[in-house]
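*Asks:* Shown below is the structure under consideration.
Computed from the coordinates by the stated procedures, all read-outs in this text should not be read as laboratory data. Computed from a prediction, not measured in an experiment: that's the story for all the values here. Every residue, glycine as well, gets a Cβ built from its backbone with ideal geometry; the counts of neighbours run over all protein chains shown.
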Amino acid sequence: MIVEIGHFALILAFCVAIVQSIVPLIGAHKGWSGWMAVAEPAASAQFLLIATSFAALTYAFVTSDFSLQLVYSNSHTDKPMLYKISGVWGNHEGSMLLWVLILALFGAAAAWFGANLPPSLRARVISVQGLVGLAFLGFILFTSNPFTRLADPPFNGQDLNPLLQDPGLAFHPPFLYLGYVGLSMAFSFAVAALIEGRVDAAWARWVRPWTLAAWIFLTIGIALGSWWAYYELGWGGFWFWDPVENASFMPWLLAAALLHSAIVVEKREALKSWTILLAIMAFGFSLIGTFIVRSGVITSVHSFANDPERGIFILAILAVFVGGALTLYAARAGAMQAKGVFSMVSRESALVMNNILLAVAALVVFVGTIWPLVAEMFWDRKLSVGAPFFEKAFTPFMVILALLLPLGAMMPWKRARLDRAIRPMLPALVLALAVAGFAWSFETGRSMLALVASFLGAWLVFGAFAELWQRAGKTPARLVRLPRADWGKALAHSGLGIVFAGIGLLMAGEMEDIRVANVGEPFTVAGFEITLDNVEQVAGPNFTSTTATMSVRRNGELITVLHPEKRVYPVQAMPTTEADIDNGFLRDIYLVIGDPQAGGGWAVRTYIKPFANWIWAGCMLMSLGGLFSLTDRRYRVAAGARKSRTVPSATPAE
């Protein structure tokens, strides 16, 4: 009965989405306040109905209701409760239900917290959001119904993919979807502004908090996915330029560009057309990511589905929304004339360069991701684009961005002098050079990568706080009184610097050792003495494990005892590798146990990973910086909203 209620609620949500998509839009066009007022209750009703549907599906997973096809295919009675719950979104149908739930949540949030918006703009934003929800609700109901029943329910299920039975993967998709889907709000604001014919400073102030929230969630989601790949896959890497990894990275780059571009619109009434285009393309790339994950056109360990028919449906959604928005964008081009004038050396120019670098970097990732598909379609050639291409093509843009970021932040609006911008940054430059020299002296391989990474990381960190010092008038007491947005920017830029340093130092100094190890016989890697003490069979709740006990010593002193595992999940007959890691501030000791060897002993992989944890610490610091900025009062009240100015429109604004 509960499952049927969930299915019925989903159908009702589809009907409500039709009303939400049409009635407020007509009301805004005609200036009918009653019709515009329908937007708020419709958005709230859609969210509550989808939440009911999602709760019903979760209940079916928690109670192991194997009469439901989805539960049978992705759960098992022996599975731990955490993975029963995460199994709800660990599949195509359930993850799409989570997608529309978050989409409806953002639409309802616009209704609940959008009191400062003009009624016509709010109605249009919620209506566009409802239209996106309508498309995906139709996709679920007609091609991906999560409530399909089985005629003869089995006694047990087929279990969840063992790779997904991990805490990192339990929380990674929800955060990632909050970022992906959160960008739909920037899209809805952009389309609403195009319909209304108004893009001004007030619009930029309204759209920035939604974009910032999406960027924060996307940052956390990407970091969790990277962390999972690092310790769960057993390959010792944090990023593999996998198509699905790239699918989340491209919207992140464009969202970062959108955040910086919206600042120029807000402060200087410039870059209006470019900002609108970024808002459209950021969500467009989120839809492209959805297509990649669910169509089967590109193979990935992360893919949810391999169904071309579903892929065609998603491609149609992509074409309609992005194509329609770009058509509207072309029609409204004349109504988005820039008013601010600025010189080649100014903060505006620095932000333009920032946007160009981020957008081109996203384009490089996009080309590398789809090129194998293009080559197969047009030339019948099977190609593989791997890490070497991305590292060579992507890295230069990030290096230039890191060099320019602190300087650009110090420049005044409209017109600046380069020498005046550089002068306050000289202490930061000296400190960054000192850190680079220190890293060079301690890095035994004398790697240029380590030198550059440590310099860029230190330059971003010291540069961010040099800017704070200048904003505070070089007075410590005024530092604490600076707006939260200033502190947030400094933390986010510092986090980026720590990520740069972590990646470069890790890639420059990591060491790998693969060997056959015998029980009781120590071996040495990078000065660490490692001994395979014991290997035993251990029974888990829904798996069997070959667990090793390995001690690590240095200069005869015991540092840690690690227990890497090799698990086998009997239901799916699938093995997984569970590395064990001694995490440290300056290095990780990473051990993996493999298969027993014919001549005796066990295959063992050892990695020494310097500064690995700096990567995820930097990501968390970036997210914390975004959160600080989001709590700034100026974001919450949309200050300056009453100063909005309207440009000529083909449709009435009210």
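*Asks:* Using the Karplus curve 6.51 cos²θ - 1.76 cosθ + 1.60 with θ = phi - 60°, what ³J(HN,Hα) values do you get for each residue of segment 173-188, in whole Hz, with x for Gly and Pro?
*Replies:* Working through the residues one at a time gives x, x, 5, 5, 5, 4, x, 3, 6, x, 5, 5, 5, 4, 4, 5 Hz.
*Asks:* Given the DSSP H assignment, sum -39500 (n - 2.57) over each helix run of at least 4 residues in the chain and divide by its residue total; what's the result at 222 nm in deg cm²/dmol, nearest 500?
*Replies:* It lands at -21500 deg cm²/dmol.
*Asks:* Can you find, among Tyr72, Ile276, Gly311, the residue sitting farthest towards the positive end of the charge dipole of the chain, where Lys and Arg contribute +1 and Asp and Glu -1 at Cβ?
*Replies:* Ile276
*Asks:* Another question about this same structure. Where q = 0.16, 0.24 Å⁻¹, what log10 of I(q)/I(0) comes from the Debye formula for segment 171-247, counting one point per Cα?
*Replies:* Per q value, in the given order, log10 I(q)/I(0) is -0.65, -1.01.
*Asks:* Now, a different point. Among 388-399, 407-418, how do they line up by average Cβ neighbours within 10 Å per residue, starting with the highest?
*Replies:* Going by the mean number of other Cβ atoms within 10 Å, highest first, we get 407-418, 388-399.
*Asks:* Show which lysines lie in cross-link reach of Lys414 when reach means a straight Cα distance below 28 angstrom and same-chain residues fewer than eight apart are skipped.
*Replies:* Counting by Cα, and skipping residues close in sequence, Lys414 has these lysines nearby: Lys267, Lys272, Lys339, Lys474, Lys489, Lys643.
*Asks:* A further question on this structure: Just going by the charge dipole of segment 116-242, with Lys and Arg at +1 and Asp and Glu at -1 on Cβ, which of Phe139, Gly225, Ala192 is farthest out on the positive end?
*Replies:* Projecting each Cα onto the dipole axis, the largest value belongs to Ala192.
*Asks:* Across 10 Å bins from the origin, how do the percents of Cα pairs in segment 85-195 run, short distances first?
*Replies:* Final binned percentages: 13, 36, 29, 16, 6, 1.
*Asks:* Give me the number: length gained by fully extending Asp513 to Leu383, i.e. 0.36 nm times residue separation minus the C-alpha to C-alpha distance, one decimal in nm.
*Replies:* Stretched out fully, the Asp513 to Leu383 stretch lengthens by 43.8 nm.
*Asks:* Here is a follow-up. Rounded to the nearest 20 debye, what is the charge dipole size of the chain about its Cα centre when +1 sits on each Lys and Arg Cβ and -1 on each Asp and Glu Cβ?
*Replies:* With Lys and Arg at +1 and Asp and Glu at -1, about 3640 debye.
*Asks:* Once the cut-off is 43 Å, how many percent of the Cα-Cα pairs in the chain end up in the long-distance tail?
*Replies:* 29
*Asks:* Here is a follow-up. Between Ile422 and Phe171, what is the label-to-label distance in nm when each label sits 7 Å out along the Cα-to-Cβ direction?
*Replies:* That separation, rounded to one decimal, is 4.5 nm.
*Asks:* Can you check what the net charge comes to around Ser73, using other residues whose Cβ is under 10 Å from the Cβ of Ser73 (Lys, Arg +1; Asp, Glu -1)?
*Replies:* Overall, the nearby charge balance is -2.
*Asks:* Please report the net charge: other residues with Cβ closer than 11 Å to the Cβ of Thr531, K and R +1, D and E -1.
*Replies:* Once all neighbours under 11 Å are counted, the net charge is -2.
*Asks:* First measure r as the distance between the Cβ atoms of Thr544 and Ala598, then evaluate 1/(1 + (r/R0)^6) with R0 = 25 Å and state the FRET efficiency to the nearest 0.05.
*Replies:* So, using R0 = 25 Å, E works out to roughly 0.70.
*Asks:* How far apart, in nm, are the 7 Å Cα→Cβ label points at Ala331 and Met344?
*Replies:* With each label placed 7 Å out from Cα toward Cβ, I get 4.0 nm.
*Asks:* On alpha-carbon atoms, Rg over Rh for segment 2-341 using Kirkwood Rh?
*Replies:* Computed over Cα atoms, the ratio is 0.99.
*Asks:* Give me the net charge of Trp241's neighbourhood, meaning all other residues with Cβ under 13 Å from the Cβ of Trp241; Lys, Arg count +1, Asp, Glu -1.
*Replies:* -2
*Asks:* List, in order, the whole-Hz ³J(HN,Hα) value for each residue of segment 552-566 obtained from phi through the Karplus relation with A = 6.51, B = -1.76, C = 1.60 and θ = phi - 60°; use x for Gly and Pro.
*Replies:* For segment 552-566, the Karplus-derived couplings read 10, 10, 9, 6, x, 9, 5, 9, 6, 10, 10, 10, x, 10, 10 Hz, x marking Gly and Pro.
*Asks:* Moving on to the next point. Using a 7 Å offset from the Cα along the Cα-to-Cβ direction at both Glu536 and Ile559, what is the distance between the two label points in nm, to one decimal?
*Replies:* The two pseudo-label positions are separated by 2.5 nm.
*Asks:* Something else: In whole Hz, with x marking every Gly and Pro, tabulate ³J(HN,Hα) for segment 420-429 from phi via Karplus 6.51 cos²θ - 1.76 cosθ + 1.60, θ = phi - 60°.
*Replies:* 6, 6, 6, 4, x, 8, 4, x, 5, 5
*Asks:* Let me ask something else. Report, by chain and number, residues whose modeled amide H sits under 5 Å from the one on Asn534, excluding near sequence neighbours (fewer than 5 apart, same chain).
*Replies:* The answer is Thr549.
*Asks:* Quick check for me: using +1 on Lys/Arg Cβ and -1 on Asp/Glu Cβ, what's the dipole size of segment 512-612 about its Cα centre, in debye to the nearest 20?
*Replies:* 140
*Asks:* Using only the Cα atoms of segment 512-612, each taken as one equal point scatterer with no solvent, compute I(q) by the Debye sum, divide by I(0), and report log10 of the ratio at q = 0.14, 0.15, 0.17, 0.21 Å⁻¹.
*Replies:* -0.53, -0.60, -0.75, -1.07
*Asks:* Using modelled backbone amide H atoms (1.01 Å from N, in-plane), which distant-in-sequence or interchain residues come within less than 5 Å of Asp588's amide H?
*Replies:* Lys609, Phe611, Ala612
*Asks:* Another question, if that's okay. Taking amide H positions as placed 1.01 Å from N in the peptide plane, with prolines and chain starts having none, which residues 5 or more places from Met574, or on another chain, fall under 5 Å of its amide H?
*Replies:* Tyr569
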